[in-house]
Amino acid sequence: MADQPHQPKVMTDAERDKLAKTLDEELDQFIEGLQKSQYKDGWKEETWEKEMQEHPFFRSKPFEDGEELPPLIQGLQALKYDPSLHTEEELAFTYKEDGNLCFKVKKYKHAVLNYTEGLRKRHPNIELITQLLTNRAAANFHLGNFRSSLRDCERAVRLTPGHMKAILRAVQCCTKLGRSAEALSWCDRGLAVDSTHAELVRLHHAATAQQRVEERNRRQAALKERKQKAADDRLLAALAERGVSVLSEEGKPVSGAAVRPELLVPQVPGLETGVQLTDSGDLSWPLMFLYPEHSQSDLVRAALDTDPISGHLEAMFGADGGGSPEWDTAGTYRPDRLEVYYEYEDGLETRVVRVRTDSRIRDVLADKRYVVKGGVPGFIVLPRDSPFRTVFLGRYQVDER
C-alpha cells in the first residue's frame, strides 16, 4: 500500500492566539534583558532641521557653488569616485551619467564639468568616449560656446565616422557661427551616410540660403568699406592741404600723411561725429570752448572751418550779451569783451596764444603751433579786464597770433 502524503496539522484560532502570545512574551523578555543605554547619535532637538538638510535623503534644496558638503555626502562621493574601487571606464561612465542628470535640469556648466572629467579617464571604450564628446558638445552649444562645441563634434567624428548626432550638432554650430560653407560641408558628410535624413535635408536648404545672404552681406560690407576709405582719403587730403596738425598716440604732433582717421575720433563723451568734409569742400569741426574762471564749457558739435570764432561767441552769449548763462552772474561774458586763447607746448614750457575773435577757424588751425587733441579743437575764453584773467595769464608766456 502506497505511503499517504503528510498532512500538516491545521491550527485552531485558539492555538494560533496562544502561539502569538508566547512569541510576544519571549521577545519582551529578550528586550528587557538587554543592557539599557541612552541613544546619543540621533538628531538634537535644537539642530534637527539643519542636520536633516545635511542628510542626502532629506535635503530639500541643491548645494550652492563653492558650498562645503556635509561629511556624509563627502563620504558617499568618495565611494562613488574612488579609483581603487572602480576602473577608469567605470568612472568615465559615472561622470557621463552625472553629466546627463545635470543636462536634463539645464545645469549645462555642471554638465560640461562632468563630461570633461569623464574624458580625462583613459580606457579603450571608443563608444563611451564618443558619447562624452557629443554630450559635452550639446552642453556647450546651449551655453553659446559654439566653437568649443564644434571642436568636440570634430573629435567625435574622427573617432566614430558617420556619427549622426555629432554631424547634426556640427551643422548647428557652423550656422550659429555664420560659417555657411562649413555647414554645407557637414550636411554633405551626413547625407553621404543617410541621404534621406529629413533634418539634414532641412539644414542643407537653410545653409544654402544663409550662404547667399552671407555673400550679399560681404559684398555690401566691401562696398561700404571702399566708400569709407575714399571718404577718409578725401578728408585726410583736405587736412593736409590746410596744414592741420593733430596729436598722435605717442603725444607728438603729426600732420600730412602721418595723420590717420583714428586720430580724428572725438574723445568727448557723448560726441560721436568728428571732423567731416562737406559737399562744398569745407571742414565741419566739433569745437570746445572752455571758461576756466567758472569751470564751465560749451560744445559746438558742428562748426564750418570758414566760420569766424566771433560768430560762435555771439551764438552762445548773444550779440549784445543778452544771452549770458546762469553762471555768469556778473554779466562779464559779452562777445565784445571776450578774449580767446589756445595752449601749445614749446619744448618743456606750456604757452598760450591769443587769437583774434574775427579769425576763421581754418586759419587758426593752420597755425603751426596749434595741435588738435582728441579730435576736438579747443579754445580758452576769458573776459577782458577781469581779475581772474590777470591771474590765469600770469602762469603762461603769452604769444600773439
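What is the sum of charges around Glu199, taking Lys and Arg as +1, Asp and Glu as -1, for the other residues whose C-beta is under 12 Å from the C-beta of Glu199?
Net charge in that neighbourhood comes out at +2.
Give the relative contact order (percent, whole number) for the chain; include only Cα pairs under 8 Å separated by 6+ residues.
Value for the chain: 9 percent.
At 7 Å along Cα-to-Cβ for each site, give me the label-to-label distance between Arg260 and Ala181 in nm.
That separation, rounded to one decimal, is 2.9 nm.
Which length gain, in nm to one decimal place, applies between Phe30 and Ala209 when the Cα-Cα distance is subtracted from 0.36 nm times their residue separation?
Contour length minus Cα-Cα distance gives 56.0 nm.
How do 324-331, 127-134 rank on mean C-beta neighbours within 10 Å, highest first?
By packing density, highest mean first, the sequence is 127-134, 324-331.
For a footprinting-style exposure proxy, rank Thr390, Thr208 by other Cβ within 10 Å, fewest first.
If I rank by nearby Cβ atoms, fewest first, I get Thr390, Thr208.
Quick check: residue separation of Leu191 and Glu225 times 0.36 nm, minus the Cα distance between them. What number comes out in nm?
Going from the current span to full extension adds 8.4 nm.
Can you give the FRET efficiency to the nearest 0.05 for Glu67 and Glu89, using r as the Cβ-Cβ distance and R₀ = 22 Å?
0.10
At what distance in angstrom do the alpha carbon centres of the range 176-206 and the range 349-366 lie from each other?
For the range 176-206 versus the range 349-366, the Cα centre distance is 66 Å.
Project the alpha carbons of the range 77-213 onto their principal axes and report the range along each, largest first, in whole Å.
Ordered largest first, the range 77-213 gives principal extents of 56, 27, 20 Å.
Using a Gaussian network model on the chain with a 10 Å cutoff between Cα atoms, which of Gly118, Gly375, Gly322 fluctuates the most?
Gly322
Quick one, which of (i) 22.0, 69; (ii) 30.5, 97; (iii) 42.1, 150 is the actual Rg and Dmax of the Cα atoms in Å calculated for this model?
Answer by label: (iii).
With both bridge residues required to lie in the chain, what share of the DSSP beta bridges run antiparallel, to the nearest 5%?
Close to 75 percent.
Restricting to DSSP H runs of at least four residues, report the calculated mean residue ellipticity at 222 nm for the chain, -39500 (n - 2.57) per run over all residues, nearest 500 deg cm²/dmol.
Mean residue ellipticity, 222 nm, calculated: -15500 deg cm²/dmol.
Taking the chain as a Gaussian network, where each spring joins two C-alpha atoms under 10 Å apart, which residue of Pro70, Pro161, Pro261 fluctuates the most?
Comparing Pro70, Pro161, Pro261 in a Gaussian network model of the chain, the most mobile one is Pro70.
Stretched out fully, how many nm does the piece from Asn217 to Arg122 gain, at 0.36 nm a residue minus the Cα gap?
29.6 nm
Going toward the positive end of the dipole of the chain, with +1 on Lys and Arg Cβ and -1 on Asp and Glu Cβ, which of Ala303, Leu23, Gly331 do you reach last?
Going by the Cα projections, it comes out as Ala303.
Along Cα→Cβ, 7 Å out, is where each label goes; now give me the distance between the ones at Asp399 and Lys50 in nm to one decimal.
7.7
Can you give the FRET efficiency to the nearest 0.05 for Asp279 and Thr350, using r as the Cβ-Cβ distance and R₀ = 45 Å?
For Asp279 and Thr350, the calculated efficiency is 0.70.
Where does each of 346-357, 95-106, 183-194 land if you order them by average Cβ count within 10 Å, highest first?
Packing proxy ranking, top to bottom: 183-194, 95-106, 346-357.
What FRET efficiency comes out for Lys104 versus Tyr81 if R0 is 25 angstrom and r is the Cβ-Cβ distance? Round to the nearest 0.05.
According to the calculation, E is roughly 0.75.
Taking the beta-carbon count within 10 Å as an exposure proxy, list Met11, Met164 from fewest neighbours to most.
Fewest-to-most Cβ neighbours within 10 Å comes out as Met11, Met164.
Could you compute how fast the range 285-401 diffuses translationally, taking Rh as the Kirkwood radius over C-alpha pairs and applying Stokes-Einstein at 25 °C with viscosity 0.890 mPa s? Give it in µm² per second.
Calculated translational D: 168 µm²/s.
Hey, what D do you get for the range 140-290 in µm²/s if you plug the Kirkwood alpha-carbon radius into Stokes-Einstein at 10 °C and 1.306 mPa s?
80
Give me the dipole magnitude in Debye, nearest 20, for the chain about the Cα centre, with unit charges on the beta carbon: positive for Lys and Arg, negative for Asp and Glu.
Computed charge dipole of the chain: roughly 1900 debye.
In whole Å, how far is the Cα centre of the range 274-322 from that of the range 376-398?
18
Answer rounded, prolate or oblate for the range 168-243, using the Cα gyration tensor with square roots of eigenvalues a ≥ b ≥ c: rounded when a/c is under 1.5, else prolate when a/b is larger than b/c, else oblate.
Because a/c hits 1.5 or more and a/b exceeds b/c, the range 168-243 counts as prolate.
Laboratory data are not the source of any read-out in this text; all were calculated from the coordinates shown. Small disclaimer: the values here were computed from a predicted structure and weren't measured. Quick reminder, even Gly has a Cβ in these numbers, built from the backbone with ideal geometry, and neighbours come from all protein chains shown.
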